[in-house]
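Here is the structure we will look at.
The values are calculated or read from the model by the stated rules, or taken from the named source; none is laboratory data. None of these values were measured; they are calculated from a predicted model. Backbone-built Cβ (ideal geometry, glycine too); neighbour counts: all protein chains shown. Note: areas computed on protein heavy atoms with side chains; ligands, DNA, RNA excluded. Shrake-Rupley method; radii C 1.70, N 1.55, O 1.52, S 1.80 Å.
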Amino acid sequence: MGRAAQEPERRALLVRRAELTGSTELTGSAGGGAAGPGRRVLAGALPPTWVADVRILGGRIVEVSAEPLRPRAGEDILDADGGALLPGLHDHHVHLLSLAASASSVRVGPPEVVDAAGLRAALRAAPGTGPARWVRAVGYHPSVAGDLDRRTLDALLPDRPVRVQHRGGALWVFNSPALRLAGIDGCDLPGVERDPTGAPTGRLWRMDGWLRRHAALPPVAVDLAAVGRAAAAAGITGFTDATPGRTAEHRRTLAAAAATGELPQRLTLMRPEPQPTADADAPAGRRAGEGTVGVAGVAGGVGGGGGVRVVGGPVKVILDDDTLPDLDTLAARFAAAHRAGHPVAVHCVTRVQTVLTLAALDLAGPRRGDRLEHGAVIPGELYGQVRRAGLVVVTQPNFVAERGDRYLVDVTDEDPAALYPAASLVRAGIGLAAGTDAPFGHPDPWRAVAAAVTRRTAAGIVLGADERLDAPAALALFLGDPADPARPRRVRPGARADLCLLHRPLRAALRAALRDPSAAQVRQTIVDGVPVYG
């Protein structure tokens, strides 16, 4: 249903007998004072709960009362039956257009494809798009058939153009027909890997922006409405899109999806780096930036009583070990973002990336809202520096469950049990939040919640028992403010009416979610006072 059609439905809503968590806060109006923001702590028991009626008007919570509220004329009634009413879940790190595109791509990695025979069958069965019947495959991991190059793909499917994306998202591999159609032989961009003779190997690093603009590649069908529906069913009321090198066209696409209601969630879109000397032909992630043109210009009409629906977020900074900038250059990039008024969100998945980022932030001076994305490797001796800088780590606990068995085989330079730390960060006083990194991770946040609690791989091995969170703390990873992910949101007067109602009280719902980590716990999802699911 489009946003224009939804507006008349944003009526007064009374939620009766809902279980709330946290300290009791009662008031009769939206002007009631809220307790000061607090940082989440690792708790050994469920937070206090109580039952209340909650009144919503104009996209805001206006009353919370332990005593039953009298319904008003024309007010819709929702009986919660004691189910937990939470702030809507927010996925703090996701790639929405890639997630939508993945639905029209063939998956060629575990668990769907596990060996070379399965890869060959999946590629040959793909229907393809465009006159050349291009095959777009995603989710590949070398455990299937080793490190791919053009020759490997030629042997699997020689007569159709094929491109395969590694599950990490940074690498595409083309076969020879695809390289010819895309004109890669004559491309001098640094992302084109070449063999000793100068011939392209078929491996293209961080060239998504260039590929998206290439006329030879057929457009990929994206169904953002399907993404929005699935997310609403999981209780998600907001996304932070962390895509590097996003074009103005893609910003407009996402804003339009929010305006029409295809994506009913609120969107925070990370910004490109603000240096004006970008090489427009450089691959995404290696460009200096696209200026500070953000989403403000396309978000003005995307609002409502609960506030603007699409906003700009921190500046995304991509680091790769093989192309790391020097310390002064990186510090200058951070300082430029800060001068433009924006915090930075730095892609950190290795020890050297984390060390370099902290040193550069020390030179540039940290800014409130700076983030470490992923935080796959954060040595314990750096925790004090991370805390003093006020950094929030936005992690992916789902990767331990989805990739942990491969980490045990592939990761030799770090302790696999120490990857994606969680509980130790919280104990050290470091802000922690989570995203799914979909489509590079599974988009259901309830799976990530269960993974943060169990840290159990698909084979049943526990990776890093000391890094396990209790269930309330794991759920809280998705309940933070988009602008300050480690600051928990609360169901309180004056807050936006972006809510998730569960079928059961919180204790029972979390027990069920650990047995069956899925969106089945969600009864209803409300955004801006409007039910969008249930």
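Details
- Members of segment 104-128 found to be touching a residue at least 60 places away in the same chain (Cβ under 8 Å) and open to solvent by less than 30 Å² (accessible area, probe 1.4 Å), listed by number: SER105
- Cβ pairs under 7 Å, 6+ apart, first in segment 182-197 and in contact (Cβ under 8 Å) with a residue 24 or more places away in the chain, second outside any loop (DSSP other than H, G, I, E, B) and surrounded by 13 or more Cβ atoms within 10 Å (Cβ to Cβ): ALA182/PHE174; LEU189/TRP210; GLY191/LEU204; GLY191/TRP205
- Flag if ALA433 is farther than 29 Å from GLY313 by Cβ and either open to solvent by less than 10 Å² (accessible area, probe 1.4 Å) or modelled with pLDDT under 95 (or both): no
- Residue under evaluation PRO158, criteria (1) farther than 22 Å from ASP410 by Cα; (2) open to solvent by less than 40 Å² (accessible area, probe 1.4 Å), criterion not met: (2)
So that you can scan it fast, the table gives a plain yes or no per residue for (1) assigned to a loop (DSSP other than H, G, I, E, B); (2) in contact with a Leu (Cβ under 8 Å, 6 or more places away or on another chain); (3) open to solvent by 20 Å² or more (accessible area, probe 1.4 Å); (4) modelled with pLDDT under 95:
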site	(1), (2), (3), (4)
THR354	no, yes, no, no
LEU372	no, yes, no, no
ASP413	yes, no, yes, yes
ASP437	yes, no, no, no
PHE440	yes, no, yes, yes
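- For ARG368, the conditions (1) open to solvent by 50 Å² or more (accessible area, probe 1.4 Å); (2) farther than 19 Å from ARG487 by Cα are fulfilled apart from (2).
- Scope segment 252-270; condition more than 18 Å from the chain's Cα centre (by Cα) and among the β-branched types (Val, Ile, Thr); matching residues: THR260
- Matching residues, segment 337-352, being in a loop (DSSP other than H, G, I, E, B) and of a type in the set (A, V, I, L, M): ALA340, VAL349
- Filter pass, VAL453 being open to solvent by 10 Å² or more (accessible area, probe 1.4 Å), assigned to a loop (DSSP other than H, G, I, E, B), in contact with an Asp or Glu (Cβ under 8 Å, 6 or more places away or on another chain) and touching a residue at least 40 places away in the same chain (Cβ under 8 Å): no
- Residues that are over 26 Å from the mean Cα position of the chain (by Cα) and farther than 18 Å from ALA438 by Cβ number at least 1 in the following strands (runs of 3 or more DSSP E) confined to segment 162-247: 162-166, 171-174, 192-194, 200-205.
- Hits in segment 374-386 (condition: open to solvent by 20 Å² or more (accessible area, probe 1.4 Å) and either within 18 Å of ALA476 (Cβ to Cβ) or touching a helix residue (DSSP H, G or I) at 6+ places or on another chain (Cβ under 9 Å) (or both)): GLY380, LEU382, TYR383, GLN385
- Of all the criteria given as (1) free of Cβ contacts under 8 Å to residues at least 24 places away in the same chain; (2) over 25 Å from LEU254 (Cα atoms), the one not satisfied by GLY341 is (2).
- Residue in segment 166-184 that is open to solvent by 20 Å² or more (accessible area, probe 1.4 Å), more than 20 Å from GLY146 (Cβ to Cβ) and either in contact with a helix residue (DSSP H, G or I) (Cβ under 7 Å, 6 or more places away or on another chain) or hydroxyl-bearing (Ser, Thr, Tyr) (or both) present: no
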